[in-house]
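Before any comments, here is the structure.
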Amino acid sequence: MVHGQKSISVTAPAGTVAKAVRLRARTAQKTAIAVREFSVTAPDDNPAVVTGPAAAPGSSADAVLDGDPDTAFRAAAAPTDSTVPLTVELGSARPLDRVTVLTDPTVQATATVAVRGTDGAWTTIGTLRPGYNELPAGGRPADAIRLVWAAGGQAPVVNQVVPWYADTPAARLSLSDASVDVVTGQAVPVRTDAILESGRPEGTSGELKVEVPTVAKGLTVTQAAAVAVPRGSRVGVPLQVVAAAGTPSGTYQVPVTFTAGTLTVRQTLTVHVVPPTGGQDLAPAATATSSGDETSAFPAGNVNDRDPRSRWSSPAEDDAWVQLQLPQAVRLGSAVLRWQDAHASAYRLESSADGVTWTTVASVDDGTGGVETVRFDAPNTRFLRIQGVSRATKYGYSLWGVELYAVTS
C-alpha cells in the first residue's frame with residue numbers, strides 16, 4: 001500500500017504469474033483519483049524506444065507508437081542529407097511479417113524503410129510515400145525499424161508506425177465478465193461478451209462455440225456462430241445466458257472456443273445458477289454476534305437494527321466475522337451487504353444449521369464495498385456468517401447493515 005506519491009512503481013515477487021493487475025483505492029478521500037498512465041511490463045519485456053530528427057514544438061517522436069492515428073510526430077525542419085533517421089527500437093527481436101506506416105498524405109516527404117536483423121545489418125523493405133504504406137518484411141527476426149528521409153522534401157509528418165509480427169496469434173479471446181450469476185426462471189438473459197482481437201494484418205474470421213455441460217439441464221447460452229474480426233481490431237460478441245425454471249443450482253464451467261482455420265483459442269465462463277429470492281428481509285428477526293467489536297459503540301447488533309446511521313465495526317483483523325442466527329432454519333438465497341468505507345476486499349458467506357458445522361455458500365474475491373448483493377442456495381440455514389478474508393483498508397470491517405432473503409420456489 002502506498003500513499004502521497006505522484007508516481008508509483010511496484011515490482012511483483014519473483015515468479016509471479018498474473019492475468020490482470022489492478023490499482024485500487026483502499027481509503028476514502030475528498031477528491032477523485034486521476035490516473036494519467038497505467039502500464040505493466042513482464043520481466044522479459046523491453047519497451048520500444050523512438051528516436052529521430054528534432055521535433056516541432058508540441059510534437060514528439062513517441063507519437064508514432066501511441067496507437068492513435070490522430071496524433072503525429074512532426075519534424076521541425078525539412079530533411080537534408082544529414083538528417084538523422086526516425087528509428088523505432090522494438091525492444092527485442094521477433095519475426096516481422098510487415099510494417100504499416102501512416103503519414104500525412106498532404107506532406108510531400110519520402111523515405112527508405114529498413115529493418116535491422118539479429119546480426120545488426122539493415123535490410124531495405126520498401127519506399128515510404130505520403131499517406132498509407134504497408135511493406136512486407138519477410139518474416140525475418142528484426143529488432144528495429146528505420147525511416148531514412150530523402151533530402152529535398154517537406155518536413156515529415158508521421159502518424160503511426162505499426163509492426164506486425166509473424167508469431168502473434170491470429171486471434172485472442174477474452175470475456176468481459178468471466179463469472180456471472182443467473183437466476184432460474186428469470187426471463188431477461190444475463191449478458192457477458194466474448195471479446196475477440198485480431199493480431200494479424202489480414203484480420204481473421206471463424207466460428208464461436210459455447211458448450212454447456214449436460215448436467216446443467218435448462219441452462220442455455222446463445223451467441224452468433226460466425227464472427228469476422230477486422231485487422232488490428234476487437235469485436236465483442238454477446239453471450240446471452242438463461243437458466244430455465246428447474247435448472248439445478250450450482251456452479252458450472254462453460255467452455256467458450258473460437259476456431260479460425262487451424263487456430264483454436266479458449267476461455268471458460270463460470271456460471272453460478274441460483275434460485276429466485278423474495279419476501280421480507282429475514283435479518284431483523286435474527287440475533288447478531290461477532291468475533292469481536294472494535295468498541296462498544298459499534299456492536300454486532302447494529303447490522304440488523306434497521307437503523308441506517310448505526311454500524312458494526314470489527315477490530316483490524318483479516319479473519320474477523322459477524323453472523324446472524326435466524327429463529328428457524330430456512331432456505332436462504334441472497335444477502336445484501338451495506339458496507340461502510342472499511343469494507344472487505346475478499347470474504348466468504350458461510351451457512352450452518354447448528355452454529356458448529358459450517359459450509360461456504362459463496363466466495364467474493366473482488367469486493368468493491370458499497371452495496372453488494374451476493375446470491376447462493378443454502379438450504380436448512382439457521383446461521384449465516386460473513387467471514388472476512390482480507391481487508392480493503394488498514395481498519396477493520398464495517399457494515400451499516402445486512403439483509404437476508406429466502407428462496408421463493
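The values are calculated or read from the model by the stated rules, or taken from the named source; none is laboratory data. Computed from a prediction, not measured in an experiment: that's the story for all the values here. Cβ coordinates were reconstructed from backbone atoms using ideal geometry, including for glycine residues, and neighbour counts include every protein chain displayed.
See the values below:
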quantity: Where Val242 falls short, out of the listed (1) farther than 30 Å from Ala171 by Cα; (2) hydrophobic (A, V, I, L, M, F, W, C); (3) buried (at least 19 other Cβ atoms within 10 Å of the Cβ); calculated: (1)
quantity: Subset of segment 155-176 [under 8 Å from Gly199 (Cα atoms) and β-branched (Val, Ile, Thr)]; calculated: Thr168
quantity: 1 or more residues surrounded by 21 or more Cβ atoms within 10 Å (Cβ to Cβ) and touching a helix residue (DSSP H, G or I) at 6+ places or on another chain (Cβ under 8 Å): qualifying strands (runs of 3 or more DSSP E) within segment 286-366; calculated: 287-290, 321-339
quantity: Residue satisfying all of: in segment 285-329; under 26 Å from Asp365 (Cα atoms) and β-branched (Val, Ile, Thr); nearest to the chain's Cα centre (by Cα) among these; calculated: Val322
quantity: Checking Ala228 against (1) touching a residue at least 40 places away in the same chain (Cβ under 8 Å); (2) not in a loop (DSSP other than H, G, I, E, B), the condition it does not meet; calculated: (1)
quantity: Residue that is nearest to Ser363 (Cα to Cα) [pool: residues in segment 181-200 that are over 15 Å from the mean Cα position of the chain (by Cα) and part of a strand (DSSP E or B)]; calculated: Asp181
quantity: Some residue of segment 70-81 being over 30 Å from Arg200 (Cβ atoms) and modelled with pLDDT under 85; calculated: no
quantity: Residue within segment 134-148 that is of a type in the set (A, V, I, L, M) and closer than 26 Å to Asp366 by Cβ present; calculated: no
quantity: Looking only at segment 55-107, and only at residues there that are assigned to a loop (DSSP other than H, G, I, E, B) and touching a helix residue (DSSP H, G or I) at 6+ places or on another chain (Cβ under 6 Å), the one that is surrounded by the fewest Cβ atoms within 10 Å (Cβ to Cβ); calculated: Thr71
quantity: Selection within segment 380-394 - out of contact with any helix residue (DSSP H, G or I) (no Cβ under 9 Å at 6 or more places or on another chain) and farther than 13 Å from Leu326 by Cα; calculated: Gln387, Gly388, Val389, Ser390, Arg391, Ala392, Thr393, Lys394
quantity: Residue within segment 315-333 that is of a type in the set (A, V, I, L, M), touching a Lys or Arg at 6+ places or on another chain (Cβ under 7 Å), within 17 Å of Gly301 (Cα to Cα) and assigned by TED's automatic domain parsing to the domain that holds Ala288 present; calculated: yes
quantity: Count - residues of segment 201-221 that are over 23 Å from the mean Cα position of the chain (by Cα), assigned to a strand (DSSP E or B) and under 30 Å from Thr408 (Cβ atoms); calculated: 2
quantity: Residues being in contact (Cβ under 8 Å) with a residue 24 or more places away in the chain, under 21 Å from Arg231 (Cα atoms) and β-branched (Val, Ile, Thr) - total across segment 242-267; calculated: 3
